[in-house]
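Trainee: Input: one structure, supplied below.
The values are calculated or read from the model by the stated rules, or taken from the named source; none is laboratory data. Because the structure is a prediction, the values reported are computed rather than measured. We place every Cβ from the backbone using ideal geometry, glycine too, and count neighbours over all the protein chains shown. Protein only, heavy atoms only, side chains kept; ligands, DNA and RNA dropped before computing areas. Shrake-Rupley method; radii C 1.70, N 1.55, O 1.52, S 1.80 Å.
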Amino acid sequence: MKCLSYSNRFYYKELSKEDANCIKKDLILYNSMLHTAYKKLYLTCFHGVKDAASLQKQLKARYGKNDFFPLSAIHEARALLKSKFETNQRLKKECTIRIEIRV
């Protein structure tokens, strides 16, 4: 039995140089926004650093993009921070249990 599936995957070698460079530039920009958003959220969460402007406005002003990229980066950064925090809590509990077993 044959199965057909649809894929949104694209290959850089099939694109024109201009399109490939545009996509690469957008990916680099998005990752830069993601890194900045994560860093600011981390500082706010764990060190109490507050900025006057919202994070969305800061990213829009710094990178000069519309709402889609900054909001996506902020959403993903929040998810990453929450995931890392929960993983850290789980590892602490596991470590505490291992220490109690050895003692």
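Trainee: Among the residues of region 64-80, count how many are farther than 19 Å from Ile23 by Cα and free of Cβ contacts under 8 Å to residues at least 24 places away in the same chain.
Mentor: 2
Trainee: Conditions: (1) open to solvent by 100 Å² or more (accessible area, probe 1.4 Å); (2) among the charged types (D, E, K, R); (3) outside any helix (DSSP H, G or I). Lys13 meets all but one. Number of the miss?
Mentor: Result: Lys13 fails condition (3) only.
Trainee: For region 35-63, name all the residues that are open to solvent by less than 70 Å² (accessible area, probe 1.4 Å) and either without any contact (Cβ under 8 Å) to a residue 12 or more places away in the chain or of a type in the set (Gly, Ala, Ser) (or both).
Mentor: Correct list: Ala37, Leu43, Thr44, Gly48, Val49, Ala53, Ser54.
Trainee: Counting just the residues of region 16-34 that are within 19 Å of Pro70 (Cβ to Cβ) and among the hydroxyl-bearing types (Ser, Thr, Tyr), which one comes out surrounded by the fewest Cβ atoms within 10 Å (Cβ to Cβ)?
Mentor: Applying the filter and picking the extreme gives Ser32.
Trainee: Which one of Ala37, Ala73, Ala53 is out of contact with any Lys or Arg (no Cβ under 9 Å at 6 or more places or on another chain), among the small types (Gly, Ala, Ser) and at pLDDT 95 or above?
Mentor: Ala73
Trainee: Another question, if that's okay. Where in region 17-103 are there helices (runs of 4 or more DSSP H), lying fully within it, with 1 or more residues that are acidic (Asp, Glu) and touching a Pro at 6+ places or on another chain (Cβ under 7 Å)? Break it down stepwise before answering.
Mentor: On the way: elements: 17-47, 55-63, 68-102.
So the answer is none; nothing clears 1.
Trainee: Can you say whether Lys40 is of a type outside the set (S, T, N, Q) and more than 12 Å from Ala77 (Cα to Cα), as far as the supplied structure shows?
Mentor: In short, no.
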